[in-house]
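Right, one structure below, let's go through it.
The values are calculated or read from the model by the stated rules, or taken from the named source; none is laboratory data. Because the structure is predicted, anything quoted here is derived from the model rather than measured. Every residue, glycine as well, gets a Cβ built from its backbone with ideal geometry; the counts of neighbours run over all protein chains shown. Side chains included, ligands, DNA and RNA excluded: accessible areas come from the protein's heavy atoms. Shrake-Rupley method; radii C 1.70, N 1.55, O 1.52, S 1.80 Å.
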Amino acid sequence: MAIRIFPPQEIIETRIKLPLSKSISTRALVMAYLTPGVSTLPTEGISMCTDTAILRHSLENTSTNVNIGAAGTSMRFLTALYAAMPGREVTLDGSARMHERPVGPLVEALRSLGARIDYLGKEGFAPLRISGRQLSGGSVDIDSATSSQYVSALMMIAPTMDAPLKIHLTGGGTASSPYIRMTAEMMRRRGVEAEISGYDIHVPNTPYLRTADDAEPDWSAATFWYEIAALSAGWVTVDGLSADALQGDRGVATIFEHMGVNTEYTPEGAELSALPDLYARIDGDFADMPDAVPGIAVTAAMLGIPFRLSGVSALKVKECDRLAALREELLKFGIILESEVESGSDVIAWEGRRAHVREIPVIDTRDDHRIAMAFAPTAIFIPGIVIENPSVTDKSYPGFWEALRDAGFIVQDADSPFPEAFTTEGGE
């Protein structure tokens, strides 16, 4: 299935209610599962997206075979959780893409704590056979440069161990470190004081004492409404967004200020409106908010703003290789990214090189929700763009296409005739 998108015929002025944060929801489910005396997983304050539904089902599932599909967060969190459950025998598997997303650093760390985990295919990747045991605690080193989820997974199961856990981060840096701080704060709210000091994290082996309500709108999803505000110079009100949110992606407000979007926080949320000036270029390290990179890169390219975004190597092992996807899909708009992307470096960059565009772009989403949502707003510049496999947005934002319609976009089947407003005499 594919859809075709056309922009609103009037200046955008819309109010948006975002889905709840997927990152917060997945952690809340795992911590609730590990809290003594909690018999039912929470439903209030939990995102209703596909990824959280998969995690919930897996936690409630007593089967010896668990398949999490394309849910990378579930793979990391469940690997640690099942390994820390004495007597639990599980084969944990996922999609073909999941067989290409590394889990080796987490497995090795868990093994050093007494876990029994075997690879059933390629070393370092799913599927896994996990035999749950009482884990020892103590000290563990982990390379966190690929994913902070390895670290969060270890932190969340530490209260079940025989001794406190000291995690030392190696690998020359930490991908998405705000997510580690998010995990620590959510644990603190549940009675477990995790201490972060430089590259060391200390977690006591004291049990979770209670559940908590951490619900926040998803700042990663907000990125695409910032993109719409930037490309349309319209007005977007986003309910519930807060400058002091747990999520590191709240930093997109500052980045989009450089691309012509002002954020005014109110008791109800955030009001996004146009600024008169654009920065001459965008440069920065995005290791702390990699999920925002597709939306930021596409926005800057559409506005003609050169950019150099570093700290993005983790994007190669997301739902797809997002660096390759951005390079190939932006080329359909005549945007030629620099060779640093092609060489597999830690940078994605554009210095203004362009090629002719000879046809309406057809976006290959590669089963990646953020690629689909990042390119949807480009219909403002090229009406009638096609998005293949649009249902991938259900992974994090089930109502995205309906929200676009509410904002005035025309979203229709790709094979349907062009709307009258976008046709010319003699054909489309």
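Hey, what's the Kirkwood Rh for the range 252-405 if you take every pair of different alpha carbons, in angstrom?
On the way: mean 1/r = 0.0621 Å⁻¹.
Hydrodynamic radius (Kirkwood, Cα pairs) of the range 252-405 is 16.1 Å.
Given the options GLN149, GLN134, GLN247, which has the most mean-square fluctuation in a GNM of the chain, springs set between C-alpha atoms less than 10 angstrom apart?
GLN134
With the full set of protein chains in place, find how many percent of the accessible area of the range 26-119 is carbon and sulfur; take the probe as 1.4 Å.
Values: 1860 of 3550 Å².
Carbon with sulfur: 52 percent of the solvent-accessible area.
Using the alpha-carbon atoms, what tilt in degrees (0 to 90, nearest 10) does helix 72-83 show relative to the longest principal axis of the chain?
0 degrees
How large, in Å, is the chain by the Kirkwood hydrodynamic radius built from its alpha-carbon pairs?
Details: mean 1/r = 0.0447 Å⁻¹.
It works out to 22.4 Å.
Helix 177-189: angle to the longest alpha-carbon principal axis of the chain, degrees 0 to 90, nearest 10?
Relative to the chain, helix 177-189 is tipped by roughly 50 degrees.
Among ILE180, ALA126, ALA115, whose Cα sits farthest toward the positive end of the charge dipole of the range 75-189 (+1 at Cβ of Lys/Arg, -1 at Cβ of Asp/Glu, about the Cα centre)?
Of ILE180, ALA126, ALA115, it is ILE180.
Going from the alpha-carbon gyration tensor of the range 23-76, what semi-axes, largest first and in whole Å, does one get by taking the root of 5 times each eigenvalue? Walk me through the numbers on the way to the answer.
Working: eigenvalues 57, 41, 17 Å².
Each semi-axis is √(5λ); the values are 17, 14, 9 Å.
To the nearest 20 debye, what is the magnitude of the charge dipole of the range 306-393 about its Cα centre, counting +1 on the Cβ of each Lys and Arg and -1 on the Cβ of each Asp and Glu? Write out the running numbers ahead of the final one.
Details: 11 positive and 14 negative charges, 44 e Å.
Here the size comes out at about 220 debye.
Placing unit charges on C-beta atoms (Lys and Arg positive, Asp and Glu negative, everything else neutral), compute the dipole magnitude of the range 102-200 about its Cα centre in debye, rounded to 20. Please report the intermediate quantities before stating the final value.
On the way: 10 positive and 10 negative charges, 64 e Å.
With Lys and Arg at +1 and Asp and Glu at -1, about 300 debye.
Nearest 500 deg cm²/dmol is fine: what mean residue ellipticity at 222 nm does the chain get from its DSSP H runs of n ≥ 4 alone, each adding -39,500 (n - 2.57), divided by its residue count?
Details: 13 runs with 126 residues, N = 428.
For the chain, the value works out to -8500 deg cm²/dmol.
Under 12 Å from a point 7 Å along the Cα-to-Cβ line of ARG88: which residues of the range 20-36 have their amide N that close?
30-35
Full-extension gain between THR64 and ASP415, please, as 0.36 nm times their residue separation minus the C-alpha to C-alpha distance.
Working: separation 351, 0.36 × 351 = 126.36 nm, distance 4.36 nm.
That pair, THR64 and ASP415, stretches by 122.0 nm at full extension.
Return the percentage of antiparallel bridges among DSSP beta bridges fully within the range 265-357, rounded to the nearest 5 %. Working shown, then result.
Numbers: 7 of 11 bridges.
Within the range 265-357, antiparallel bridges account for around 65 percent of the total.
Only Cα pairs within less than 10 Å get springs; with that Gaussian network setup on the chain, which residue of ALA53, ALA115, ALA280 has the largest fluctuation?
ALA280
Assign unit charges at the C-beta atoms only (+1 for Lys and Arg, -1 for Asp and Glu), then state the dipole size of the chain relative to its Cα centre in Debye, rounded to the nearest 20. Mind dumping the intermediate values first?
Details: 36 positive and 57 negative charges, 275 e Å.
The dipole magnitude comes to about 1320 debye.
How far, in degrees from 0 to 90, does helix 293-303 lean away from the longest principal axis of the Cα atoms of the chain, to the nearest 10?
10 degrees
Mind telling me which of SER21, SER152, SER131 comes out most flexible in a GNM of the chain, alpha-carbon contacts under 10 Å?
The residue that fluctuates most here is SER131.
Hey, got a sec? Which GluC sites (Glu not before Pro) in the range 118-193 land in a DSSP loop and have at most 12 other Cβ atoms within 10 Å? Before the final figure, lay out the partial values.
Working: sites: GLU123, GLU185, GLU193; in loops: GLU123, GLU193.
Answer in residue order: GLU123, GLU193.
With unit charges on the beta carbons (Lys and Arg positive, Asp and Glu negative) and the dipole taken about the Cα centre of the chain, which residue among ILE282, PRO86, GLN412 sits farthest to the positive side?
PRO86
Counting pairs of alpha carbon atoms under 8 Å apart in space and at least six apart in sequence, what relative contact order in percent does the chain give?
Details: 930 pairs, mean separation 80.9, N = 428.
Reported as a whole number, the value is 19 percent.
Measuring with a 1.4 Å probe in the full set of protein chains, what accessible area per residue, in whole Å², belongs to the range 76-228?
Numbers: 5370 Å² over 153 residues.
Per residue, the range 76-228 has an accessible area of 35 Å².
Take the cross-link list LYS17/LYS316; LYS122/LYS318; LYS17/LYS395; LYS166/LYS395; LYS22/LYS316; LYS22/LYS332 and give me the ones stretching past 28 Å between alpha-carbons. All intermediate terms of the calculation are to be shown ahead of the outcome.
On the way: LYS17/LYS316 30 Å; LYS122/LYS318 18 Å; LYS17/LYS395 17 Å; LYS166/LYS395 33 Å; LYS22/LYS316 20 Å; LYS22/LYS332 31 Å.
As for pairs spanning more than 28 Å Cα to Cα, those are LYS17/LYS316; LYS166/LYS395; LYS22/LYS332.
Please report the antiparallel percentage of DSSP beta bridges with both residues in the chain, rounded to the nearest 5. Spell out each step's value before the answer.
On the way: 40 of 59 bridges.
Expressed as a percentage, antiparallel bridges in the chain total about 70.
For the charge dipole of the range 143-248, defined by +1 on Lys and Arg C-beta atoms and -1 on Asp and Glu C-beta atoms about the Cα centroid, which residue among ALA145, GLY198, VAL238 has the Cα displaced farthest towards the positive pole?
The residue sitting farthest along the positive end of the dipole is GLY198.
As an exercise, use a Förster radius of 22 Å and the Cβ-Cβ distance of GLU44 and THR206 to find the FRET efficiency, rounded to the nearest 0.05.
On the way: r = 26 Å, r/R0 = 1.17.
It comes to 0.30.
Under the classification rounded if a/c is under 1.5, otherwise prolate if a/b is larger than b/c and oblate if not, where does the range 337-400 fall, given a ≥ b ≥ c as square roots of the Cα gyration tensor eigenvalues?
Numbers: a/c = 2.45, a/b = 1.33, b/c = 1.84.
In terms of gyration-tensor shape, oblate.
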